[in-house]
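Here, each number is a calculation from the coordinates, and none is a lab measurement. Bear in mind the structure is a predicted one, so any value in this text is a computation, not a measurement. Here the Cβ positions follow ideal geometry from the backbone for every residue, glycine too, while neighbour counts run over all protein chains shown.
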Amino acid sequence: MVHPDLLEILRCPICVREHENGGALELYKETWLLCTECDRKYPIVEDIPVMLVDEGEKWINTPAAGLPVPPPPFD
Ligand SMILES: [Zn+2]
């Protein structure tokens, strides 16, 4: 379980650069963070949010319902 305080401060690394308070994320099934602006999706692997742009872009065209739960292991 990711700490709620951490979720509060996490932002999509792309959108947060665009404007102040940009890149708000939505927790999905406890295992994904969905950017509400650009549709990048960041997996939470072993309780660690993987906030890497490459990783987020990998899932950009996958609808939330199609995301694997739990996310595949990150290496
Ligand atoms: Zn974004």
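How high is the relative contact order of the range 1-58? Use alpha-carbon pairs under 8 Å, at least six apart in sequence, and give a whole percent.
Relative contact order here is 26 percent.
The range 17-73: which GluC sites (Glu not before Pro) are DSSP loop and have at most 13 other beta-carbon atoms within 10 angstrom?
20, 30, 46
Can you compute 3J(HN,Hα) from phi for each residue in the range 22-27, using the Karplus curve 6.51 cos²θ - 1.76 cosθ + 1.60 with θ = phi - 60°, rounded to whole Hz and x for Gly and Pro?
Those phi angles translate into x, x, 4, 10, 10, 6 Hz.
Can you run phi through the Karplus equation (6.51, -1.76, 1.60; θ = phi - 60°) for the range 31-47 and list ³J(HN,Hα) in whole Hz, with x for Gly and Pro?
Per residue, the Karplus-derived 3J(HN,Hα) values read 10, 9, 10, 9, 6, 7, 10, 10, 6, 5, 10, 10, x, 10, 10, 6, 6 Hz.
For the range 4-62, build the charge dipole from Cβ charges (+1 Lys, Arg; -1 Asp, Glu) around the Cα centre, then report which of 19, 56, 32 sits farthest towards its positive end.
56
Which ordering of 41, 58 is given by a fewest-first count of other beta-carbon atoms within 10 Å?
58, 41
Under a Cβ-only charge scheme (Lys and Arg +1, Asp and Glu -1), can you give me the dipole magnitude of the chain about the Cα centre, in debye to the nearest 20?
180
Could you tell me the distance between the Cα centroids of the range 53-75 and the range 1-52, to the nearest Å?
Centre-to-centre (Cα) distance: 12 Å.
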